[in-house]
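To keep things clear, I will list the structure first and then write my remarks on it.
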């Protein structure tokens with residue numbers, strides 16, 4: 001796929017370090033790039049190898065939403081806020097991740113005009129307005145409501161940390177908007193979806209999430225199914241309010257962990273939801289090496305020189 005004629009992204013700017021020397025099959029980029037840009041047919045084929053159906057717009061948008069949330073939200077200064085002493089707890093982080101993913105998914109669905117029951121909904125054309133440019137206003141909205149009732153700005157420990165977070169979100173979303181300007185939205189969504197499947201684990205909306213939830217619910221009433229003594233001991237205790245109804249708990253987890261209460265989310269993690277391996281529920285998993293490394297270079301911007309992660 002050749003760059004769009006109105007693109008201001010040309011070789012010699014952002015593309016040079018990414019595309020330089022990456023031409024032809026058998027190259028380090030898996031043949032995804034030619035002298036004119038991204039080979040969309042090869043990208044489609046490579047996506048299927050990664051387990052992404054590029055023609056299923058609904059699923060593509062869901063997976064791309066995971067990729068956006070993981071890169072722009074989770075792999076950001078938020079990680080520092082999570083790891084700090086008295087930082088964001090594991091269960092709350094799970095709910096926050098789902099809430100960020102939902103924010104992105106709902107935006108992409110609306111912008112792409114996806115009719116939810118349809119598997120073959122059409123993606124926006126190359127001439128449509130950018131679907132990535134508005135994302136910083138959504139993901140980094142200081143007044144965005146969080147599952148625990150706070151607003152996003154409350155998570156940042158100080159103004160400097162908030163500014164660093166905003167810069168991270170803007171840099172990533174700007175990167176994707178730039179690619180979108182050059183090639184249209186579909187290749188960018190495919191790249192982000194492939195990143196999600198290959199690099200992200202244990203996340204709502206990933207292809208194996210429903211199987212993970214099913215196996216988790218199956219083990220909830222069988223402490224002996226776990227080799228982990230702490231999990232087995234936890235399951236022998238009285239479950240907290242809001243978790244005894246297994247059907248309702250399953251539905252909330254499938255709808256998104258941000259739909260769970262803080263108590264229920266903590267219970268699920270202590271009961272082993274995050275400890276399940278792909279092999280525990282018969283999921284083959286996907287190799288993080290299935291998509292050429294050059295594709296990650298495309299979706300991840302270089303670190304701004306004036307930003308130092310703490």
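Taken together, the values in this text are just the output of simple stated rules run on the coordinates, not laboratory data. Computed from a predicted model, the values in this text were never measured in an experiment. Counting neighbours? That spans all protein chains shown, and the Cβs are built from the backbone with ideal geometry, glycine included.
Among 195, 172, 278, the ranking by other beta carbons within 10 Å of each residue's beta carbon, starting with the fewest, stands as 278, 172, 195.
Suppose the chain between residue 296 and residue 83 were pulled fully straight at 0.36 nm per residue; how much longer would it get relative to their current alpha carbon spacing?
Working: separation 213, 0.36 × 213 = 76.68 nm, distance 2.47 nm.
Fully extending the segment from residue 296 to residue 83 adds 74.2 nm.
What the Kirkwood sum gives for the range 251-295 is a hydrodynamic radius of 13.0 Å, with every pair of different alpha carbons counted. Listed by Cβ neighbour count within 10 Å, with the fewest neighbours leading, 215, 163, 62 appear as 163, 215, 62.
Please find the FRET efficiency linking residue 110 to residue 280, where r is the Cβ-Cβ separation and R0 is fixed at 51 Å, and quote it to the nearest 0.05. Could the numbers behind the result be given before it?
Working: r = 36 Å, r/R0 = 0.70.
Using R0 = 51 Å, I get an efficiency of 0.90.
In the range 129-201, Cα pairs under 8 Å separated by at least six residues give a relative contact order of 34 percent. Can you tell me the relative contact order of the range 209-281? Whole percent, Cα pairs under 8 Å, sequence separation 6 or more. Reported relative contact order: 42 percent. Here the label points at residue 201 and residue 263, each 7 Å from Cα along the C-beta direction, are separated by 3.2 nm in the simple model. Full extension of the chain between residue 245 and residue 41 yields a length gain of 68.7 nm, computed as 0.36 nm times the residue separation minus the alpha carbon distance. Among 166, 224, the order by Cβ neighbours within 10 angstrom, fewest to most, reads 224, 166.
Could you calculate the contour length gain from residue 56 to residue 254, that is, 0.36 nm times the residue separation minus the distance between their Cα atoms, to one decimal place in nm? Don't skip to the answer; put the middle values down first.
Details: separation 198, 0.36 × 198 = 71.28 nm, distance 2.00 nm.
Stretched fully, the residue 56-residue 254 segment lengthens by 69.3 nm.
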